[in-house]
Amino acid sequence: MSPSHDSRYLKGGPVAQRIIAAVREDAAIAKAEGFAPKLISITVGDTDAVDVYVRNQRAKAELAGIDFEERRFPATITSGELEAAIHGLNADPRVTGIIIQRPVPAHIPVKTLQAAVHPLKDVEGMHPASIGNIVYNQLDLAPCTAAASVELLRETGLDLKGLEVVIVGHSEIVGKPIAFLLMSEGATVTVCHHMTRSVAAHARRADALFVAVGKPRLIKADMVKPGAAVIDIGINSEIGPDGTSRIVGDVDTESVREVASWITPVPGGVGPITVAILLRNTMVALSRQRALYEATYGTADRLAAE
Ligand SMILES: NC(=O)C1=CN([C@@H]2O[C@H](COP(=O)(O)OP(=O)(O)OC[C@H]3O[C@@H](n4cnc5c(N)ncnc54)[C@H](OP(=O)(O)O)[C@@H]3O)[C@@H](O)[C@H]2O)C=CC1
Ligand SMILES: Nc1nc(=O)c2c([nH]1)NC[C@@H]1CN(c3ccc(C(=O)N[C@@H](CCC(=O)O)C(=O)O)cc3)C=[N+]21
């Protein structure tokens, strides 16, 4: 059966469309009130791994009525020069949000860059202050991929309270924030990584299995509990049998779909929702900036003030 006709496939498209439609309404109102949302994407050096993401950000931002601007820097740039560029964007009142596309070249410490983004403009929720908020169960601006993955799990209708969840991969941008989001929903969370003795033994116990590793077909059917929900976050480029490049996830979808009750396709699963949440986060950031602006200058709109 093709993916489009199988109810086991948890598709991201409809969820993303719903989110983008709400963002579009918000953005139109904000614009009319003199606060046009604007998102800046920063890429450094070779950008193959992020090209799909940035392309989709631009397309969906356009659809939602959010200005989108790409800043590309050469791999030879220093960390100091990049930080200076970020400080410039922090100070620019027309800029609502800044996203630093990963990975960045090895000589640049990505954490330092992330910390240079003003927390009010941190639309990825990756500044140490933002990531701290999710530990305190303040979840309205969470890292995009993590929030997208949880959003897809919700589509199953499963009760998250007490749900046995296993996450494979513990990166700061995906695995760890998923763990915190689900803990705050009352799930019982196990996190696996490359030192875990038997990923399979843990994975087989999961009612919901999240996979964010970056290895095609890492998760096979014998690692999945019958009836489980499998959320495949991996985005890997692979040369297909016909010689063309294609995107595959971390799960061996063909075999796992026979065992699982729900599975996310790649492409068409978590990816599109990640983009939609980035745009939603941009609107959350804008409303926080407006609250500060209005507390400082009064409630008159910006057009009237200028
Ligand atoms: N759909 C989306 O929106 C997004 C998708 N992605 C995709 O998700 C995947 C993961 O990305 P990201 O988290 O940034 O990657 P990282 O490389 O930062 O993290 C990978 C994680 O997997 C763990 N790991 C590596 N090998 C194994 C193994 N054999 N068994 C168990 N765990 C293992 C690593 O553990 P350790 O640290 O201990 O080595 C690490 O925690 C990639 O395919 C990426 O393209 C990423 C962001 C967004
Ligand atoms: N700071 C940072 N945050 C990230 O979240 C981040 C990053 N850096 N670097 C790169 C990875 C990868 N990533 C993708 C997100 C969505 C799609 C996406 O939209 N995919 C669609 C479209 C695929 C297509 O058009 O072929 C899909 O899966 O259906 C792809 C890739 C985010 N990442």
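Each of residue 33 and residue 294 was given a label point 7 Å from its Cα along the Cα-to-Cβ line. The distance between the two points is 0.5 nm. Between the listed residues 50, 10, 27, the Cα displaced farthest toward the positive end of the dipole of the stretch 3-71, a dipole computed from Cβ unit charges relative to the Cα centre, is found at 10.
By the equivalent-ellipsoid construction on the alpha carbon gyration tensor, the stretch 1-129 comes out with semi-axes of 28, 21, 12 Å, ordered largest to smallest. Once backbone amide H atoms are built at 1.01 Å from N, residue 34 has no partners under 5 Å, excluding neighbours fewer than 5 places away on the same chain. DSSP assigns beta bridges within the chain; of those with both partners inside it, close to 10 percent run antiparallel. Relative to the first principal axis of the alpha-carbon coordinates of the chain, what is the inclination of helix 175-184, with its axis defined by its Cα atoms, in degrees from 0 to 90 and to the nearest 10? Relative to the chain, helix 175-184 is tipped by roughly 90 degrees. Candidates 63, 248, 162 compared by Cα position along the dipole of the chain: farthest toward the positive end lies 162, with charges placed on Cβ.
Which of 180, 73, 35 ends up with the largest GNM mean-square fluctuation for the chain, with Cα atoms connected below 10 Å? Highest fluctuation among the options: 73. Listed by chain and number, the aspartates and glutamates whose C-alpha is less than 15 Å from the C-alpha of residue 60, apart from same-chain residues fewer than 8 away, are 25, 26, 51, 69, 70.
Using Cα atoms only, what is the angle between the long axis of helix 144-154 and the major principal axis of the chain, expressed in degrees (0 to 90) to the nearest 10? Between the helix axis and the principal axis of the chain, the angle is about 50 degrees. The label-point distance for residue 200 and residue 220, in a model that sets each label 7 Å from Cα toward Cβ, rounds to 0.7 nm.
Percent of Cα pairs in the stretch 144-266 per distance bin of 10 Å, from zero to the largest separation: 14, 49, 30, 5, 1. The angle between the Cα long axis of helix 51-64 and the main principal axis of the chain comes to about 60°, on a 0 to 90 degree scale. Placing +1 on the Cβ of every Lys and Arg and -1 on the Cβ of every Asp and Glu, with no other charges, gives the chain a dipole of roughly 340 debye about its Cα centre.
Amide H contacts under 5 Å for residue 231: 209, 210, 211, restricted to partners 5 or more places along the chain or on a different chain, H placed in the peptide plane at 1.01 Å from N.
Based only on Cα atoms, what Rg/Rh ratio does the stretch 109-200 have, Rh being taken as Kirkwood's radius?
Working: Rg = 13.8 Å, Rh = 13.9 Å.
Across the stretch 109-200, the Cα-based Rg/Rh ratio is 1.00.
Evaluating kT/(6 pi eta Rh) at 25 °C and 0.890 mPa s, with the Kirkwood radius of the chain over Cα pairs in the Stokes-Einstein relation, gives 121 µm² s⁻¹.
Where a number appears in this text, it was derived from the coordinates with a stated rule and is not lab data. Remember, it's a predicted structure, so these values are computed and weren't measured experimentally. Every residue, glycine among them, receives a Cβ derived from its backbone with ideal geometry; neighbour counts consider all protein chains shown.
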